[in-house]
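*Asks:* One structure, pasted below without further comment.
The values are calculated or read from the model by the stated rules, or taken from the named source; none is laboratory data. No experiment lies behind these values; they were computed from the predicted model shown. Reconstructed Cβ throughout: ideal geometry from the backbone, glycine too, with neighbour counts over all protein chains shown.
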Amino acid sequence: MANRPISEMGLPRSIASVFAARNIRTAKDALSLTEFDLMELADMGLAEVTSALAHIGERVSPPCQTALSLLEQRVQNDQLAGHLPTGLKGLDEALFGGIPFGVVTELVGPAGIGKTQFCLKLSLSASLPTRHGGLDAQVIYIDVESKFSSQRLIEIGAKSFPEIFHMRGMAQEQMAGRILVLRPASLAEFTESLQQIKILLLERRVKLLVIDSMAALASGEFEHGASKINPLGWHISFLKSVAELSRIPIVVTNQVRSQSSDEAWRYNFQEPQGVLCAVGTRRQDLEDTSKYDSHLIAALGINWAHAVTIRLILETISGERFIKVAKSPMSPALAFPFSITSSGISLLNDDGIEVAGQEISTIHCHGHSEIIHSDTLQFHRQ
């Protein structure tokens, strides 16, 4: 807009002619001068110069927008971008359709909570034909810890989509033909594979990228004595750009670690809102942090936490599992009780429980015997 010609500004012909004669040909040329400089250069009065500059400024300035119009535009863009349904009705409604395209979504939780189960079912959903609610697309699955199970994938598919998987050849086609599994052994190998992933995104119909798990890649670096500075800064930037440019959902899993007493406040993505919601338990039970190991936080640190767009926390309280929307630009903070069955993760109800205050980012894992130590990011038995 700044390079728009003065001749297109609708100025009086006499003023436009003077500007042209003084080599003031664009809006930028005129607006770069002070009123007094322009008066001297064009030999014009203050009133004429002020009026001309105001007119030019109005023509090239972007129009003002209300907060409501920006919100409506955001909702429209999100709808156009699309979502990948998780198959969990309550969670999909909370996320306005499922896992959104164009951003990085993170699953955080202790070992054995169900993160990989979630990713397997999500991969199946993306690979299914559109007539059955899928994306009819290929999936790239980065299996860092060798947790990907073809047998479990088929079991989830057969139980979740029996009408499809009982069709002749459908199970083999969806699993072998559309879900591409890569198993990097180190962060360096993963970094090299990113270029291969970029090529696959261009050459094939890939609509989902899963990385299970990012923390395991970082853990491998620390085992070899690397710097304890988060080594994934470049990687998250790369993933975010891939998600945005390719308009695909990227889902990564993260593990948990112990935290120091002064770290907790940094992980709250919302301000405290009064009394903590107990997501199915009494408040006094939640305050007894030692009882539920609630001193745990996501392993990759605060910089990583702010880089992801959506964070879903999987946790257990009094033996009951919950999936919690801990961070989302549009969704409310809700927790959904779930169980793991032969069909994968299933919600026990679709209503969700409101979560407030520090409970939004607190990770409970009562009953789990593995955590990651905050200094080394390696597994230790309790």
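*Asks:* Go through the range 37-60 and report how many residues are surrounded by 11 or more Cβ atoms within 10 Å (Cβ to Cβ) and not in a helix (DSSP H, G or I).
*Replies:* 1
*Asks:* Could I ask something else about it? Restricting to the range 311-358, and then to whatever is under 30 Å from SER149 (Cα atoms) and β-branched (Val, Ile, Thr), can you tell me which residue is surrounded by the most Cβ atoms within 10 Å (Cβ to Cβ)?
*Replies:* ILE323
*Asks:* Here are some residues: VAL103, VAL139. Which one is surrounded by 18 or more Cβ atoms within 10 Å (Cβ to Cβ) and either closer than 25 Å to ALA305 by Cβ or of a type in the set (Lys, Arg) (or both)?
*Replies:* Every option except VAL103 fails the conditions.
*Asks:* I need a count of the residues in the range 185-221 that are surrounded by fewer than 19 Cβ atoms within 10 Å (Cβ to Cβ) and over 19 Å from ILE248 (Cα atoms).
*Replies:* Matching residues across the range 185-221 total 7.
*Asks:* Out of all the residues in the range 9-23, which are of a type outside the set (S, T, N, Q) and not in a helix (DSSP H, G or I)?
*Replies:* Within the range 9-23, MET9, GLY10, LEU11, PRO12, ARG22 qualify.
*Asks:* Being among the aromatic types (Phe, Trp, Tyr) and part of a loop (DSSP other than H, G, I, E, B) is the filter; apply it to the range 139-168 and report the residue that is modelled with the lowest pLDDT.
*Replies:* PHE161
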